[in-house]
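Step one of this worksheet: look at the structure below.
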Amino acid sequence: MSLALGHYLALSAILFAIGLAGALTRRNAILVLIGIEIMFNAAILNLVAFWHFKWHAILTAQMFAIFAVTIAAAESAVGLALVIAIYRHYRSVDVDEMKALRG
Amino acid sequence: MWECPSGHDRVTCRARKGAPTVAETMTYAFLILSVITLLGALLAVLLRNLVHCVLSLILFFLGVAGHYFLLRADFLAAVQILIYIGAVAVLILFAIMLTRNVTGTEGPREVFGMKWWSGGVIAAALAAGVLRAVINDPVSQAGSSAQANSSVAEIGKALVGHWVVPFEAMAVLLTAALIGAVVIALEEVMRRR
């Protein structure tokens, strides 16, 4: 068996599903963020796999991956600041208890 | 078949005849790294103790960095270790310490509750759908190529050449995120004064 693009696509799909399950099922806001990070990484792994197996002549996929990593870092910084602000307000980071905007 | 490169003596070569080919080695490396990555992701999602979750997340990030090395994206692998393990994981650890007591365990929860089942079913359905598409699509058959290679110098030139506008936009975004994070986290303190 030699390595093919499909192996990486399958791995990324499973990782994305794990991250999604974590983001949907955990109640702690920090663990929801961890799930989102796992999904981000699965998507970026997909980009790099496509670069390696199909379009290695051009750097576009790697550039997209670098920008995606930058945005993920900014997102996690703002997300964790929000978690800390919410904790100061509610004394809890349980996403089930944040009902202020419920219609 | 292994061919004797010049400069190697015959004994080394004969010992290497039974060695795996490059493709086989890549497959083994892929399998080992995949096990590490999947284990890290699963534990990060399933463990009870928040600090343990972050440690598993670091294992997951390391596995992904290894995958980048295997795919010959060296710069991205270095970026992955520096940014994700060096910055994001440490940031999450600090957030845990600021929001919980240092042990950081989650409160009691109903295992296999309604939320657990619905989230698991949605994620499993998504995985099944994407995996089915991956297996059926001919693009999955694309094999690995030895030419795939990227030097840091090339990436640097592209970043300040063809990609300079998104590069500058990233700089503005990072500054805005930095200021925004400080403002959001400080708001309550300012109000108290």
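The values are calculated or read from the model by the stated rules, or taken from the named source; none is laboratory data. Every value quoted in this text rests on a predicted model; they were computed, and no experiment measured them. Quick reminder, even Gly has a Cβ in these numbers, built from the backbone with ideal geometry, and neighbours come from all protein chains shown.
Values as computed for the structure displayed
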item: Positions within segment B:40-59 being free of Cβ contacts under 8 Å to residues at least 24 places away in the same chain, in contact with a Ser or Thr (Cβ under 9 Å, 6 or more places away or on another chain) and among the hydrophobic types (A, V, I, L, M, F, W, C), in sequence order; result: B:Ala41, B:Leu42, B:Leu43, B:Ala44, B:Val45, B:Leu46, B:Leu47, B:Leu59
item: From the options B:Leu91, B:Leu98, B:Leu57, residue that is within 30 Å of A:His89 (Cα to Cα) and modelled with pLDDT under 90; result: B:Leu98
item: Options A:Ser12, A:Ser2, A:Ser92; residue that is of a type in the set (Ser, Thr, Tyr) and buried (at least 19 other Cβ atoms within 10 Å of the Cβ); result: A:Ser12
item: Segment B:141-159, residues that are in contact with a His (Cβ under 8 Å, 6 or more places away or on another chain) and either under 17 Å from A:Tyr8 (Cα atoms) or modelled with pLDDT of 90 or more (or both); result: B:Ser144, B:Ser145, B:Ala148
item: Qualifying residue in segment A:76-90 (condition: closer than 23 Å to B:Val35 by Cβ, within 15 Å of the chain's Cα centre (by Cα) and more than 7 Å from chain B (Cβ to nearest Cβ)); result: no
item: Helices (runs of 4 or more DSSP H) within segment A:1-100 that include 2 or more residues in contact with a Cys (Cβ under 8 Å, 6 or more places away or on another chain), farther than 30 Å from B:Gly143 by Cα and free of Cβ contacts under 8 Å to residues at least 24 places away in the same chain; result: A:29-53
item: Some residue of segment B:126-134 being farther than 27 Å from A:His52 by Cα, modelled with pLDDT of 90 or more and touching a Ser or Thr at 6+ places or on another chain (Cβ under 9 Å); result: no
item: Out of A:Leu59, A:Leu45, sole residue that is under 22 Å from B:Arg72 (Cα atoms), in contact with a Phe, Trp or Tyr (Cβ under 7 Å, 6 or more places away or on another chain) and either among the basic types (Lys, Arg) or within 7 Å of chain B (Cβ to nearest Cβ) (or both); result: A:Leu45
